[in-house]
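J.: Structure in structure tokens, see below.
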Amino acid sequence: MTISINTPSEAQTTAICLINAFFLIGLVLDIISAFLAFLTYRWLQRLSHEESVYLEEVFEAPITSLKDEEEAPGVDDEECTTDATKSNSSLIEGWIVSWSALSLFIPMLFLILGVSSMAVGIQIFIWTQQKLMVAILVTLTYVTVIPFIIGLFIIGKDRERRRKIIRNLGKKRGDW
């Protein structure tokens, strides 16, 4: 790795520039991800008991019932006006709510992008700066672990699949 760090900028090849770029992009995204994940953890930790119960109810509710609640949030018709100030305030509040929810969810995406960026940087490094045997072995390691990562994402929201997975975990009780 010292070849990509200690090489003067005028002597850097395209490969070295790409290695540095992917590594630094990955580093920045991973640091941001860790910071946002900590702030998300703190926000969730500070929820009141009622808010925690509501959060659990919302997470357990079918998505269709949540869309119905958005359309009819229980606000009296008297409170709804066509006043431009109310409309702008409602628009701004809606934007703030959407942005805040995204900010609580985005650390995982940043982590995925950061790790992926570093993985690409490693691949460029091993295929341009290392012997063929090293490149093949490291690439085989990637190919071996990627299916397990994909497996976590394909669990999905299917209740029956999730229950089967939980039963399977229960049978193993943490043992191989």
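J.: Please list Leu18, Leu152 from largest to smallest accessible area, probe radius 1.4 Å, with all protein chains kept in place.
T.: Result, largest first: Leu152, Leu18.
J.: When the label point is put 7 Å from the Cα of Ser116 along its Cα-to-beta-carbon vector, which residues of segment 12-53 have a backbone N closer than 20 Å?
T.: Counting only backbone N, you get 18-37.
J.: State the extension gain, in nm to one decimal, for the chain segment bounded by Phe105 and Lys164, taking 0.36 nm per residue of separation less the distance between their alpha-carbons.
T.: 18.6 nm
J.: Please arrange Val53, Val58 by accessible surface area, largest first, computed with a 1.4 Å probe and ligands excluded.
T.: Most to least solvent-accessible, the answer reads Val53, Val58.
J.: If you wrap a convex hull around the C-alpha atoms of segment 88-176 and split its volume per residue, what is the figure in Å³?
T.: 149 Å³
The values are calculated or read from the model by the stated rules, or taken from the named source; none is laboratory data. Treat the numbers as computed from the prediction; the structure is a model and nothing was measured. Glycine also receives a Cβ, built like all others from the backbone with ideal geometry; neighbour counts cover every protein chain displayed. We work out accessible area using only protein heavy atoms, side chains counted, and drop any ligands, DNA or RNA first. Shrake-Rupley method; radii C 1.70, N 1.55, O 1.52, S 1.80 Å.
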